[in-house]
Ligand code: AMP
């Protein structure tokens, strides 16, 4: 044992560099696992978490949100300092190869005199320096980071320098998947059959370093201590997909059908002292969503909980969902977030509760968790519960699916009532059923403004949205098809009351057919050019009512003003309801991939 303790202080970084070189030389998962097992076997247990993080190219687990990412310019200076070469030379070498690791290695190899005082690098020293580089802040921190890096290079072999330089700029990229490390940990400290338990510990902690430490200390028994904890995200449960609701219900029996919102998945850790938000990839996104943090304070007062939900931008003026792109712009921003949050605030639609006041709920059935969630959340505009319907009847499910689409959702998420929350796993406990692929509307349409809703917040004093209609030529009537609140410059927006003042009428114009009641009505005269994402069926709009489905009309989804007033058009020259109906049918054809239609699968472009 004594030897081991001594070794704890002795592990050489060279052993890691050696393993890394081997890992780089293969793309085969099994070979990678073997290399990792060989490494893990000789790592002193006190250092195993550090070795795991270093192998992942980091110094802390992902979720800590502390990244190693020394600016390249600074890293170049560090290499120049350690090798005595001019900055410009290092810079041009770096530009040629794009790999600072290779540059550091090559330059260190040219170093003729080895410093007498040079000491072999240990894991402890490399880790401590890197940790300081990752966390140093404030005045003088750049200089300090530079020195810490150069200090490592001074004592590094060329090969060690390759990996240190890559790590420091956040580009280790050995190609080792987290699950390969799980394989290796299982092979080192347990049996093949017990691998699942290792993976589960990783799924609830998202921290391979901690899993490794527990295994090294106590073997499998050590994993019992790894539990769900506030402030540390668990890996998200994922859904399978089936093509029909019948298949889904056949598989699940009576199931909970939830609206599938099209936004960003958020894991909210609500503590008494603070709130943290994590993305599906477990990045810390708290700073990007101040409005969710505020809303959660009111919605979950005085309790400690981990909630999951989907964040979706809602137009305060129309009450409708906005395309998620409006929010994507916040990504990576440090400034302006508050303003963006006011402009396009998101609401959180909560769909699960995973921890409550210290108690892990993931092992409880869905039905229990939902009940807990309903008892816990005080709904506000900012935090709502995902709409749910429990049924075994495919016809009822179809009708509910239609409602979800009409509400602006992507489809449904069907959940087994008895399923536990399987962190990190994709299975048939959750099955998604999405709106079929639809062709995006490629043409703009011209719609007539028939009314307007008073603006709120930033838009107080003007209109928040216009009520827009298409023309029914047969009846010579204008029938509504959307609320238009996007695409206006401030100047146009605040000029709206003036522009419409001569068209105001005290009630719905005789030639206007609407079920919605705006705050003001207009004589149908002004035509605006609008671009929409697609045409959907809607219970609130009167355009082509009953043509597709009894009681429902057609709506333009995500309408946006192009900025062009069609003053050249009379209201009667606007897009007709028959044209919209034809567009809707064309879309449906595209869905089925029939000829003559430009099918363009919509799909989600990114794994949000
Ligand atoms: P997909 O991204 O198409 O694989 O669908 C899974 C995603 O749907 C999840 O990661 C969530 O972001 C999102 N989602 C929206 N509504 C729900 C819901 N009610 N339950 C679970 N996930 C949902």
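Here are some notes:
- Order of 502, 49 under a 10 Å beta carbon neighbour criterion, fewest first: 502, 49
- Region 155-226 and region 484-504: distance between their alpha carbon centers, rounded to Å: 59
- Alpha-carbon centroids, region 288-366 and region 571-587: separation in whole Å: 37
- Altogether, the Stokes-Einstein calculation at 4 °C and 1.567 mPa s, with the Kirkwood radius of region 238-433 over Cα pairs as Rh, returns a diffusion coefficient of 76 µm²/s.
- Cα→Cβ-extended label distance, 7 Å offset, between residue 396 and residue 243, nm: 2.7
- Between residue 510 and residue 426, full extension at 0.36 nm per residue minus the direct alpha carbon distance yields a gain of 24.7 nm.
- Sorted from greatest to least, the principal axis extents spanned by the alpha carbons of region 31-80 come out as 37, 26, 22 Å.
- Estimated 222 nm signal from helices in the chain, with DSSP H stretches of n ≥ 4 weighted -39500 (n - 2.57), rounded to 500: -11500 deg cm²/dmol
- Percentage, to the nearest whole number, of Cα pairs in region 444-592 over 20 Å apart: 43
- As a proxy for reagent exposure, ranking 541, 509, 269 by other Cβ atoms within 10 Å from fewest up yields 509, 269, 541.
- Helix 72-83 and the long axis of the chain differ in direction by around 10°, with both axes built from C-alpha atoms.
- Cα coordinate range in region 13-168, projected on the principal axes (Å, largest first): 42, 35, 32
- The chain, relative contact order in percent, only Cα pairs under 8 angstrom and at least six apart counted: 11
- Spacing of the modelled spin labels on residue 525 and residue 71, each 7 Å from Cα toward Cβ, amounts to 5.9 nm.
- Degrees separating the helix 290-299 axis from the principal Cα axis of the chain, which is the longest one: 80
- Relative contact order, whole percent, for region 238-433 stands at 35, derived from Cα pairs under 8 Å and 6 or more residues apart.
- When every Cα-Cα distance of region 351-474 is counted in 5 angstrom steps from zero, the calculated P(r) takes the values 2, 8, 12, 13, 15, 14, 10, 9, 9, 6, 2, 0, 0 percent.
- Hydrodynamic radius of region 178-225 per Kirkwood, over alpha carbon pairs, in Å: 10.0
- With respect to the chain, whose longest principal axis is taken over its alpha-carbon atoms, helix 178-189 is tilted by about 40°.
- Label separation (residue 585 vs residue 229): 6.3 nm, computed from points 7 Å beyond Cα along the C-beta direction.
- Share of pairwise Cα separations in region 87-164, more than 20 Å, in percent: 38
- Ratio of the Cα radius of gyration of the chain to 2.2 N^0.38 Å, where N counts its residues: 1.18
- When only alpha carbons are used to place a centre, region 22-85 and region 392-408 end up 50 Å from one another.
Every read-out reported here was derived from the displayed coordinates using simple, explicitly stated rules and does not represent laboratory data. In this text, all values refer to a predicted model and were calculated from it rather than measured experimentally. We place every Cβ from the backbone using ideal geometry, glycine too, and count neighbours over all the protein chains shown.
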